[in-house]
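Student: After the structure tokens below, expect a handful of questions from me.
Every read-out reported here was derived from the displayed coordinates using simple, explicitly stated rules and does not represent laboratory data. It should be emphasised that the depicted structure is a prediction, and the values quoted were computed from it without experimental measurement. Note that we place each Cβ from the backbone using ideal geometry, even for glycine, and neighbour counts take in every protein chain shown.
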Amino acid sequence: MKVITSGSAYLDIDAYACCIAYAELLNLQGIPTRAVSSAKPNASVSKTVLGWGAVLDDYRPTSSDEFVLVDVSDYHHFDPMVALDRVVEVIDHHPGFENHWAQILGAAADIRPIGAAATQVFQRWKASGWLSRISEQSAALLATAILDNTLNFTGQMTTAADIDAYAELAPHGKLMADWPEQYFLECQATIESDICSALAADLKRMKPDSLLPQVSAQMTVWDADALLERHRSTINDWMAGQGDDWLLNLICISQRKSCLLAEPVVSQQKLSRLLPVEWQAGLAALKPSILRKELLSLGLNANSGG
Ligand SMILES: [Mn+2]
């Protein structure tokens with residue numbers, strides 16, 4: 001039996017979709033395969049997505065099973081059920097372990113920079129000639145994984161292959177034109193149902209000599225303005241509780257912008273030295289959106305440039 005699985009911490013929709021859709025393809029091709037995980041799906045596998053009814057298999061790997069890893073290639077983070085000496089294939093889009101797996105697996109390691117691992121699995125379906133037989137659920141899962149991992153095609157890793165894959169998968173999955181908005185609004189509603197947990201889940205503290213605010217949080221949502229209207233004072237209070245120099249980078253997918261929220265004047269001044277931003281009552285908009293890791297490298301470059 002082949003066992004398709006992913007990472008140990010949690011399954012995002014990319015990992016979840018890849019496990020299920022790749023297992024379906026191999027089974028169609030007559031290769032007995034199970035999609036299995038010890039990890040739970042995270043919030044990116046929304047209620048609507050779970051309602052499609054595609055599920056992982058209830059299967060316990062045996063000592064003769066072979067493993068296929070999707071959306072992960074760092075073996076420190078593999079699902080604990082994986083026996084490393086029986087890994088036969090790796091499909092991933094995270095950097096760092098390309099050479100390791102190329103040496104062990106040769107062409108069976110497919111690790112490259114692309115928006116979503118789901119696009120790589122789509123390409124397997126396409127190349128096999130079986131795409132017309134893909135189930136509605138698997139097509140919808142792969143398509144939604146591409147939306148999520150590329151931030152609706154606004155993320156830096158997005159490629160033409162991701163855009164093409166979505167265009168071909170969406171009709172197979174019976175996804176309507178407004179599905180991206182529906183999906184991201186549903187994820188946003190989950191964030192807004194417990195805004196402080198969402199802030200805490202992605203909070204970073206900088207070194208004392210950083211050119212960036214000491215504490216920074218980041219969240220990605222469909223409609224940042226609506227979220228701020230509803231939750232701005234809660235966010236202000238919670239962030240102020242983390243320190244007196246802070247930033248929230250709120251990435252707005254629908255308007256392809258970042259809303260930078262920084263109430264302390266010292267935080268605004270730090271950011272103004274790095275970016276062309278205009279502050280209005282603690283808020284500044286930046287187009288296109290910026291990721292915190294890009295902000296970090298701005299800070300580092302300013303530092304090293306003296
Ligand atoms: Mn991914």
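Student: Could you work out how far apart the two model spin labels at ALA201 and ASP223 are, taking each label as a point 7 Å from the Cα in the direction of the beta carbon, and quote it in nm?
Tutor: Placing both labels 7 Å along Cα→Cβ, they lie 2.0 nm apart.
Student: Per residue, how big is the convex hull around the C-alpha atoms of the chain? Give it to me in cubic angstrom, could you?
Tutor: Per-residue hull volume (Cα only) is 145 Å³.
Student: Name the long-range amide H neighbours of LYS257: under 5 Å, sequence gap of 5 or more, or other chain; modelled H, no Pro or chain starts.
Tutor: The answer is CYS252, SER289.
Student: Each residue of region 156-167 in order: what ³J(HN,Hα) in whole Hz does its phi give by Karplus 6.51 cos²θ - 1.76 cosθ + 1.60, θ = phi - 60°, with x for Gly and Pro?
Tutor: 5, 7, 4, 10, 4, 4, 5, 5, 5, 4, 4, 4
Student: Still on this structure: How high is the FRET efficiency between GLN269 and ALA160 when r is their beta carbon distance and R₀ equals 35 Å, given to the nearest 0.05?
Tutor: It comes out at approximately 0.30.
Student: Using θ = phi - 60° and the Karplus curve 6.51 cos²θ - 1.76 cosθ + 1.60, what whole-Hz ³J(HN,Hα) does each residue of region 22-34 get, with Gly and Pro shown as x?
Tutor: For region 22-34, the Karplus curve yields 6, 4, 4, 5, 5, 4, 4, 7, x, 9, x, 9, 10 Hz.
Student: For an R0 of 45 angstrom, estimate the FRET efficiency from the Cβ-Cβ distance between TRP130 and ALA189 and round to the nearest 0.05.
Tutor: 0.80
Student: Can you run the Rg to Rh ratio on region 195-304? Use alpha carbon positions and the Kirkwood inverse-distance Rh. Kindly include the intermediate steps, with their values, before the conclusion.
Tutor: Details: Rg = 12.7 Å, Rh = 13.8 Å.
Rounded to two decimals, Rg/Rh equals 0.92.
Student: Can I ask one more? Of the cross-linked pairs LYS204/LYS293; LYS270/LYS293; LYS207/LYS270; LYS47/LYS287, which ones have a Cα-Cα span greater than 20 Å in the structure shown?
Tutor: Violating the 20 Å limit, Cα to Cα: LYS47/LYS287.
Student: Dipole of region 84-169, Cα-centred, from +1 at each Lys and Arg C-beta and -1 at each Asp and Glu C-beta, to the nearest 20 debye?
Tutor: 160 debye
Student: Let me ask another. Please state the shape class of region 69-177: rounded when a/c is under 1.5, otherwise prolate if a/b exceeds b/c and oblate if not, all from the C-alpha gyration tensor.
Tutor: prolate
Student: Rounded to two decimal places and with Rh computed the Kirkwood way over Cα pairs, what is Rg over Rh for region 1-55?
Tutor: Reported Rg/Rh, Kirkwood definition of Rh: 0.98.
Student: To continue, here is another question. At what distance in angstrom do the alpha carbon centres of region 175-240 and region 12-75 lie from each other?
Tutor: Between the Cα centres of region 175-240 and region 12-75 lies a distance of 29 Å.
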